Amino acid sequence: MIIKDYCSKHCNPERPEIRKDYVQDKFVIIAPKRAARPHDVSYEDDNRQAKQRGKFCWFCPGSMNKETPLALVGTKKRWDIFVVKNKYPAVSLDNPHAYGTQEVVVETPHPDQQLEELSVSHIESLFKIYAQRLQEIQANKRIQYVLIFKNNGGRAGASIQHAHSQIFATEFLPPHLFDKAQQVQKYKLRTGRCVYCDVIKKELSSPRLVYQDKHVVAFTPYASLHNYEIWILPKRHFDNITDIKPAERTSWATLLKTVLKKVTKLGLPYNYYFHQVVNDEDQHLYMKIAPRGSVWAGVEIGSGLIINPISPEDAAAYYRGR
């Protein structure tokens, strides 16, 4: 049911192959030759699009210093990270039909800096802010689900170029996450082990392994939905970013900086995210980084079956390269 004997060393890089997610009944067609298909339609370049935008900056100090921070690193006049309420939230605490909260984490006061250009210590501070906000949000007993995410680039959903991420929290638990939690629990009842701990052990000896140290591991998932998709997980089993230890945070920040530099070299917009099902205290924390190289078209939208022209084995080789 979960973690079938998927290929570890002998995946065929040429022939399309249908692959299943580690946990859920989600499938993807890995079709490397499809990347060579002809195009006479081009996608707009996110970097060029950004340069054409107006000069007013919503998240620069001149604008942010007028706001009331929910949290910050530094002082209000000289800050490094600034958290505010989202002015255009999808959910709100005064709406019983879509109850929740949404916050914006402005990652730097400098409009021309991207996350991968910041120092490791700065990224560590960002993780600390995530943990601080998550702890406060989870104190609201109505909140069932928290998503920490980043949209980078227009095709990844970013509406503002200035580096920022968001925290979305709601009392509604998405059904696919409820299903995932059930599947993970079934695996543990049957084996006595965490499915993601077992996934880590398998991927440590696979061609999809990108990096490991004492604290974290990164690999491209077997059934990658996105071009160059990569996951970062702690080796230690814990469920919440509020439980991360200093050495783990340093390793994670260092690795994230390296990975995002590689994604930037590809010229791809990307999303990353953490999930948190509040009442499930036995999750294995993970971060998914999803570069947005493909546009999902008729097959994907109609059937739900994703076609990925970049094999995770090739993606891992790219990330391992110098």
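No value in this document is a laboratory result; all are computed from the given coordinates. Note that the structure is predicted; figures quoted are calculated from it, not measured. Cβ coordinates were reconstructed from backbone atoms using ideal geometry, including for glycine residues, and neighbour counts include every protein chain displayed.
When the charge dipole of the chain is built from unit charges on Cβ atoms (+1 for Lys and Arg, -1 for Asp and Glu) and taken about the Cα centre, the candidate among 321, 269, 120 whose Cα reaches farthest toward its positive end is 321. Taking only the alpha carbons of the stretch 105-258, we obtain Rg and Dmax values of 16.7, 51 Å in that order.
Computed extension gain for residue 75 through residue 179, at 0.36 nm per residue and net of the alpha carbon distance, reaches 33.2 nm. Rounded to the nearest whole Hz, the Karplus-based 3J(HN,Hα) values (6.51 cos²θ - 1.76 cosθ + 1.60, θ = phi - 60°) of the stretch 96-104 follow the sequence x, 8, 8, 7, x, 8, 9, 10, 10, with x at glycine and proline. Computed from backbone phi with θ = phi - 60° and the Karplus coefficients 6.51, -1.76 and 1.60, the 3J(HN,Hα) list for the stretch 16-27 is x, 8, 8, 10, 10, 4, 4, 10, 9, 7, 10, 10 Hz; x is used for glycine and proline.
So if I place +1 on the C-beta of Lys and Arg and -1 on the C-beta of Asp and Glu, and nothing else carries charge, what would the dipole magnitude of the chain be about its Cα centre? I want it in debye, nearest 20. All intermediate terms of the calculation are to be shown ahead of the outcome.
Working: 46 positive and 34 negative charges, 99 e Å.
The calculation lands at about 480 debye.
Between the amide H of residue 86 and those of 102, 103, 104, distances stay under 5 Å, these residues lying 5 or more places away or on another chain, with hydrogens modeled in the peptide plane.
Candidate membrane-span-like segments in the chain, meaning DSSP H helices with Cα atoms spread over at least 15 Å of their own axis and a Kyte-Doolittle mean of -1.0 or above, are 120-138, 246-266, with no membrane implied. In sequence order, the stretch 167-172 has phi-based couplings of 10, 10, 9, 8, 7, 8 Hz under the Karplus curve 6.51 cos²θ - 1.76 cosθ + 1.60, θ = phi - 60°, and Gly or Pro positions carry x.
Taking the Cα centre of each part, how many Å lie between the stretch 186-231 and the stretch 73-122? Measuring centre to centre over Cα atoms gives 30 Å.
Placing dummy labels 7 Å off each Cα toward the beta-carbon, the span from residue 266 to residue 235 is 2.6 nm. The relative contact order of the chain, computed from alpha carbon pairs under 8 Å that lie at least 6 residues apart in sequence, is 22 percent.
Here residue 242 and residue 15 are evaluated by their C-beta separation; at R0 = 56 Å the FRET efficiency comes out at 0.80.
At R0 = 45 Å, how high is the FRET efficiency between residue 189 and residue 139 if r is their beta carbon distance? Nearest 0.05 is fine.
My answer for the efficiency is 0.90.
For the chain, taking Cα atoms only, Rg and Dmax work out to 19.8, 58 Å respectively. Mean projected area of the Cα convex hull of the stretch 133-205, taken over all directions, amounts to 7.8 nm². Give me the log10 of I(q) over I(0) for the stretch 201-322 at q = 0.17, 0.21 Å⁻¹, as the Debye formula computes it from C-alpha points; what are the numbers? Evaluating at q = 0.17, 0.21 Å⁻¹ gives log10 I(q)/I(0) of -0.90, -1.24.
The distance between label points at residue 282 and residue 25 comes to 2.4 nm (points 7 Å beyond Cα on the Cα→Cβ vector). Sparsely packed loop sites in the stretch 241-321 (the GluC sites (Glu not before Pro) outside DSSP H, G, I, E and B with at most 10 other Cβ atoms within 10 Å) comprise 281.
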